[in-house]
Structures are given as C-alpha cells and as structure tokens.
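*Asks:* The following block contains the structure, expressed as structure tokens.
All of the numbers you see were taken from the coordinates with simple rules; none came from a lab. Since the structure is predicted, the reported quantities are computational estimates derived from the model, not experimental observations. We place every Cβ from the backbone using ideal geometry, glycine too, and count neighbours over all the protein chains shown.
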Amino acid sequence: MVAPPPPYDRPKLTVRMASPRGFCAGVDRAIQIVERALEKFGAPVFVRHEIVHNRYVVERLKAMGAVFVTELDQCPDDRPVIFSAHGVPKSVPQAAKARNLVFLDATCPLVSKVHLDVERHVEAGREILLIGHAGHPEVIGTLGQAPPGAVTLIETVQDAQSYQPRNPDNIAFVTQTTLSVDDTADVIDTLGARFPSLAGPHREDICYATTNRQDAVKRIAAGCEIVLVVGSKRSSNSQRLVEVAERAGAKAAHLIDSADDIDPVWLIGAKTLGLTAGASAPEVLVDGVLDALAKLYDIAIEETGAGRETVTFKLPRLLLDA
C-alpha cells in the first residue's frame, strides 16, 4: 500500500463485509488440536502437512513449537504427530500405528463423513466417482480410503461427459467439501442425466461453511468494483470465493494473503468494495485489510449476511484434559 493522504483528502469508500466469513468449525477444531497438543505434550509437536491452508496460522503455530513436515517418516518415534484438517489416506494412520506413534487426527468431521461414504460404496461393490481437484490434499486423502483404482476423479463437466463406467447401473459419487456449489451442481446434473441410477451422498458433501461463504459473497458482489478475498492461494474454498464473486457481478475480485498484497491500482475509481475471508483465514487478517483501507479512504462499513454459524466439533478424547 502507498503512504496515506491527509485525512481531509481521503475519498469515500463503502466496504461491504460478507457474513459469515473466515474460520469454520473444522478449521477452528484443527487449530485447537495443535494448541492443546502443545499444552499437553510440550514442544515440539509434529504436524503432517499444513494443518490448514493459511500462512499466518502456520507461522503462528510454528512459533509455538509445531513442526510441519510433508511425510510421516520425518517424524521421530518419541513425539506426537497430528494429521491435517484435509484428511489423510488410510495408509498414514496405519503406518503411525505400526510405529506405535502417538497421533491425533485433525481431519474435519465433514471430510471424515466423505471418507465413510467411500468405504460404504466400496463395501457395496460400486464404481466410485470423486468430484474434486487433482492434487488437493483432501482429494488425495479421499482417494486413499479405497483400494488403488477404485475411485475415479472427475474434475469438470467434460470429465463427466466422457466417463465410461463398467456398469452404468452401479455408480456412486462423492465430492470434495470445498468446491464451487454451482460448478459441482453442473457436474452432478451431467452425471445424473447419463446415469439415472447414480447413487449420491445421504447429505450433500460440500460443507455448510463453503456453501454459506459462497452465498454471502453472492449477496455483496453485485455493485462492487472490487471484491477482496482474504485467504491462501493453496486454499480451495478461498479460490472458489474469487470465482463466485466475479460470476455474481463484481467487476474484479482478488485473493490476498493479507493487506500487504493489496495493489493500490486495483482500487482506482472504486466506490464500493466487498470483503470476505476463506474458511481458514483468521479475522485478524480481515481487520488488517480494514486498517490499511482506512489509511487511504474514508470508509463506511456495511455488515451484510445471515445469522451466526453455531456448528462446533468435539476435540479428540486424548486432549480433553489438556
């Protein structure tokens, strides 16, 4: 950001705040698991992959004594290890048990629900389709709930159109929890039209927080010259918010880690700006954006949105006395 002008020279800017925004229950639980583990076991505590996709969160936990690694074999035998909120293949806890490691699973319960659906379809002998993005940790974890080759990844409507099953009457699908609601509906509609017997989840796999944050962005985007989404470029749900904002009428939308990423050129001529945060972005980063904008503009904040989210998830029993 550039140096602020004198207060009397600041142009007016309306900031529409999307609500809900920021942390969801699964992210909050995962972070608490790392914090409680550090309280109970002391530092260091090892975490396989980023606990959630947010640099600020990861750096704060590192400063507290968390050590982030990419694979289990980087963890010593005598320290606890935590699995990230995105979930892991079955082989990971199996390997941890084989080494008698103390491990804590911070997988979001809504991701675990998808894992259970995959197991159910495997037991029923169905061909399984996973709608998601290749390479995302959640997708890797979900694919790892079934034998190799048992799950086919579907990323686009084109994939859904070209998929050739062994038995068109014995197919089921699950989805990544952080997808675009509208894009996923198009893929599911395409599959359903081709395969009338397609079995789906008992409850929608896209999580409540993803859906709520996308709905909130749709409410604020129209009429905004720009929408800023606070979140990591590695965060699927944050990336989707940018796409949703643009489709919902924002003239432009940008994903930023923090206020430091704001390019003043984006703001030229702006009268109305939308602001939200992905499910793994803490509110302190949103406050930082507001502080940065207030140095350049005479801002008027409009809070919009539905009621507060009240979902909470229990911590692992091992940590309840921490």
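*Asks:* When the Cα atoms of region 110-194 are enclosed in a convex hull and the volume is divided per residue, what value in Å³ results?
*Replies:* 87
*Asks:* Only helical DSSP H runs with n ≥ 4 go in: add -39500 (n - 2.57) per run for the chain, normalise by residue count and round the 222 nm mean residue ellipticity to 500 deg cm²/dmol.
*Replies:* The helix-only estimate for the chain comes to -11000 deg cm²/dmol at 222 nm.
*Asks:* What residue among THR184, THR142, THR175 shows peak mean-square fluctuation when the chain is described by a Gaussian network model with Cα springs under 10 Å?
*Replies:* Greatest mean-square fluctuation among the candidates belongs to THR184.
*Asks:* Further question: Can you tell me the dipole magnitude for region 169-322 around its Cα centre, using point charges on the Cβ only (Lys, Arg +1; Asp, Glu -1), in Debye to the nearest 20?
*Replies:* 260
*Asks:* At q = 0.16, 0.25, 0.27 Å⁻¹, what base-10 log of I(q)/I(0) does the Debye formula yield for region 251-322 when every alpha carbon is treated as an equal point scatterer in vacuo?
*Replies:* Log10 I(q)/I(0), no solvent term: -0.71, -1.38, -1.52.
*Asks:* Considering the options GLY144, GLN239, GLN214, tell which one lies farthest towards the positive end of the dipole of the chain, charges being +1 on Lys and Arg and -1 on Asp and Glu at the Cβ, about the Cα centre.
*Replies:* Comparing the listed Cα positions along the dipole, GLY144 ranks first.
*Asks:* Would you work out the charge dipole size for the chain about its Cα centre, treating the Cβ of every Lys and Arg as +1 and the Cβ of every Asp and Glu as -1, and quote it to the nearest 20 debye? Before the final figure, lay out the partial values.
*Replies:* Numbers: 34 positive and 41 negative charges, 80 e Å.
In debye, rounded to 20, the chain gives about 380.
*Asks:* Hey, another quick one. Determine the distance separating the Cα centre of region 226-265 from the Cα centre of region 49-98; give it in Å without decimals.
*Replies:* If you average the Cα positions of each part, the centres end up 28 Å apart.
*Asks:* Can you list which of the trypsin sites (Lys or Arg not before Pro) found in region 196-273 are DSSP loop residues with at most 16 other C-beta atoms within 10 Å?
*Replies:* When the trypsin sites (Lys or Arg not before Pro) of region 196-273 are filtered for loop state and at most 16 Cβ neighbours within 10 Å, ARG203, LYS233, ARG234, LYS251, LYS271 remain.
*Asks:* Right, another one. Out of region 84-137, which trypsin sites (Lys or Arg not before Pro) are coil in DSSP terms and have no more than 16 other C-beta atoms within 10 Å?
*Replies:* Numbers: sites: LYS90, LYS97, ARG99, LYS113, ARG120, ARG126; in loops: LYS90, ARG99, ARG126.
Filter output for region 84-137: LYS90, ARG99.
*Asks:* Given springs between every Cα pair under 10 Å in a Gaussian network model of the chain, which of VAL187, VAL92, VAL265 has the largest fluctuation?
*Replies:* Top of the fluctuation ranking is VAL265.
*Asks:* Answer with a single label: of [x] 33; [y] 30; [z] 36, which was calculated as percent of Cα pairs over 33 Å apart from the structure in view?
*Replies:* Identified label for the calculated read-out: [x].
*Asks:* Now a separate question. Using r as the Cβ-Cβ distance of GLU39 and VAL181, and R0 as 51 Å, what FRET efficiency do you calculate, to the nearest 0.05?
*Replies:* 0.85
*Asks:* Taking springs between alpha-carbon atoms closer than 10 angstrom, which of VAL102, VAL244, VAL114 fluctuates most in the Gaussian network model of the chain?
*Replies:* In this elastic network of the chain, the residue with the biggest mean-square fluctuation among VAL102, VAL244, VAL114 is VAL102.
*Asks:* Got the relative contact order for region 57-171 handy, in percent, Cα pairs under 8 Å and 6 or more residues apart?
*Replies:* 24
*Asks:* Something else about it: In the chain, if the dipole is taken from +1 on Lys/Arg beta carbons and -1 on Asp/Glu beta carbons about the Cα centre, which of GLY223, HIS133, PHE68 is farthest to the positive end?
*Replies:* Result: PHE68, furthest along the dipole toward the positive end.
*Asks:* A further question on this structure: Would you mind computing, in nm to one decimal, how far apart the modelled labels at LEU318 and ARG79 are, each placed 7 Å from Cα along Cα→Cβ?
*Replies:* Roughly 1.5 nm, to one decimal.
*Asks:* Provide the gained length on full extension for the span THR156 to THR310, in nm with one decimal, where the gain is 0.36 nm per separating residue minus the Cα-Cα distance.
*Replies:* Details: separation 154, 0.36 × 154 = 55.44 nm, distance 3.28 nm.
This chain segment gains 52.2 nm when fully extended.
*Asks:* Moving on to the next point. For an R0 of 35 angstrom, estimate the FRET efficiency from the Cβ-Cβ distance between ALA63 and ARG10 and round to the nearest 0.05.
*Replies:* Working: r = 35 Å, r/R0 = 1.01.
Between ALA63 and ARG10 the formula returns 0.50.
*Asks:* If you rank HIS86, HIS115, HIS133, HIS121 by fewest surrounding Cβ atoms within 10 Å, what's the result?
*Replies:* In order of increasing Cβ crowding within 10 Å: HIS133, HIS115, HIS121, HIS86.
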